[in-house]
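Worksheet: one structure, shown below.
The values are calculated or read from the model by the stated rules, or taken from the named source; none is laboratory data. For clarity, every value in this text was computed on a predicted model and none was experimentally measured. Don't worry about glycine lacking a Cβ; one is built from the backbone with ideal geometry, like all the others, and counts go over all protein chains shown. Areas reflect the complete protein model, heavy atoms only, side chains present, ligands, DNA and RNA absent. Shrake-Rupley method; radii C 1.70, N 1.55, O 1.52, S 1.80 Å.
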Amino acid sequence: TDLVVDQGGGLSFDAVEVVRGARPVAEPVTFAVRPGEFVALSGPSGAGKSTLISAVLGFVEPGAGTITRPPEVAWTGQRPGLLQGTIAANVALGDPDPDPELVTRALSAAALTDVDPATALGAGGAGLSGGQAQRVGIARAFYRAWRHDVGALVLDEPTSALDTTSEAQICEALRSEAAAGRAVLVVSHRPGVLAAADRVVAVVPAGVEVVR
């Protein structure tokens, strides 16, 4: 598989084949997420959705096809990967000069206004509920998107542990990111996320189908 970095922005999958072992999981996948567009990627468990995300990030190499992505991508996975330290440090992870105002803004965008950024977490993010930890991971993606002005925002099942109110707030923030010109791709099976997206693309055994 070729991973092409394109300054023009947007994400595209051209005949990308997801394999497990030596066997393809689905037919080659072809679709694009243009700058300014919020696309939800759905499909049954095991269809290869998370593998496609990992391929965008360069973590895995699918069997065939070409993926095109912007130079900078902000993302969060199904597990937020929190570390011991403050909530603020987890949001600004990797930033040698964290911006406190941006941290607060990111937490707000992730529907997490009821925590103090200075709160210290234990190993693995101990001290937060599963939903709170998930939202810190989302806040981290927002922070990176703004700090580095990334071209794409990619989230893998970001609201699976959240109530519908928090989910709606996050979807609104994601729509704002698309309106700002980013390509937004969200893997989700949640009705609220699918309804908020501009388009829904489903990974199915025969490849992909545009649900709407």
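Rounded to the nearest 20 Debye, what is the dipole magnitude of the range 108-169 about its Cα centre when Lys and Arg each give +1 and Asp and Glu each give -1 at the C-beta? Walk me through the numbers before you get to the answer.
Working: 4 positive and 7 negative charges, 48 e Å.
The dipole of the range 108-169 has a size of about 240 debye.
FRET efficiency for S129 and S108, Cβ-Cβ distance as r, R0 = 25 Å, nearest 0.05?
0.90
Which angle between 0 and 90 degrees, to the nearest 10, do you get for helix 130-148 versus the longest principal axis of the chain when only C-alpha atoms count?
Helix 130-148 sits roughly 80 degrees off the main axis of the chain.
Could you tell me which label, among (1) 29, 17, 17; (2) 32, 20, 15; (3) 28, 21, 17, carries the value of semi-axes √(5λ) of the Cα gyration tensor in Å calculated for this structure?
(1)
Please give the contour-minus-distance gain from R20 to V204: 0.36 nm per residue of separation, less the Cα-Cα distance, rounded to one decimal in nm.
Extra length from R20 to V204 when fully extended: 64.7 nm.
How many nm separate the modelled label positions at D149 and T119, each set 7 Å beyond the Cα in the direction of the Cβ?
Between D149 and T119, the simple spin-label model gives 3.4 nm.
Checking the a/c ratio against 1.5 first, then a/b against b/c, what shape does the Cα gyration tensor give for the range 117-196?
The shape class here is oblate.
How large is ³J(HN,Hα), in whole Hz, for each residue of the range 175-190 in order, when computed from phi with the Karplus curve 6.51 cos²θ - 1.76 cosθ + 1.60 and θ = phi - 60°, using x for Gly and Pro?
Karplus values, whole Hz, x for Gly and Pro: 5, 5, 5, 5, 4, 7, x, 8, 8, 10, 10, 10, 7, 6, 10, 6.
Could you tell me the center-to-center distance, by alpha carbons, between the range 151-173 and the range 35-94 in angstrom?
If we compute the Cα centre of each part, the gap is 13 Å.
Largest first and to the nearest Å, give the Cα extent of the range 74-127 along each principal axis.
Rounded to whole Å, the extents work out to 25, 25, 23 Å.
By how many degrees, between 0 and 90 and to the nearest 10, does the Cα long axis of helix 100-109 differ from the longest principal axis of the chain?
It is inclined by approximately 60 degrees.
Please work out the average accessible area per residue across the chain, using the 1.4 Å probe convention, and give it in Å².
The answer is 45 Å² per residue.
Using the Cα centre as the reference, give the magnitude of the dipole from point charges on the C-beta atoms of the chain (Lys, Arg: +1; Asp, Glu: -1; all else neutral), rounded to the nearest 20 debye.
360 debye
Hand me the chymotrypsin sites (Phe, Trp or Tyr not before Pro) from the range 5-72 located in a DSSP loop with no more than 15 other Cβ atoms within 10 Å, in residue order please. Show your work: numbers first, answer last.
Numbers: sites: F13, F31, F38, F59; in loops: F59.
Answer by residue number: F59.
Based on Cα coordinates alone, diagonalise the gyration tensor for the range 1-51, multiply each eigenvalue by 5, take square roots, and list the semi-axes in whole Å, largest first.
22, 14, 8
Which value in Å is the Kirkwood Rh of the range 41-153 over different Cα pairs?
Roughly 15.1 Å, rounded to one decimal.
Taking the Cα centre of the chain as the origin and placing charges on Cβ (Lys, Arg +1; Asp, Glu -1), which of T86, V19, A178 is farthest toward the positive end of the dipole?
Most positive-ward Cα: V19.
In a Gaussian network model over the chain where Cα atoms closer than 10 Å are linked, find which of A120, A22, A139 has the largest mean-square fluctuation.
Comparing A120, A22, A139 in the GNM, the peak value goes to A22.
Among R23, R190, R199, which one shows the biggest mean-square fluctuation in a GNM of the chain, springs joining Cα atoms closer than 10 Å?
R23
With the contact rule set at Cα under 8 Å and sequence spacing of 6 or more, what percent relative contact order holds for the chain?
31 percent
Please report the carbon-and-sulfur percent of the accessible area for the range 71-212; probe 1.4 Å, protein heavy atoms only, DNA, RNA and ligands left out.
Solvent-exposed carbon and sulfur of the range 71-212 make up 53 percent of the total.
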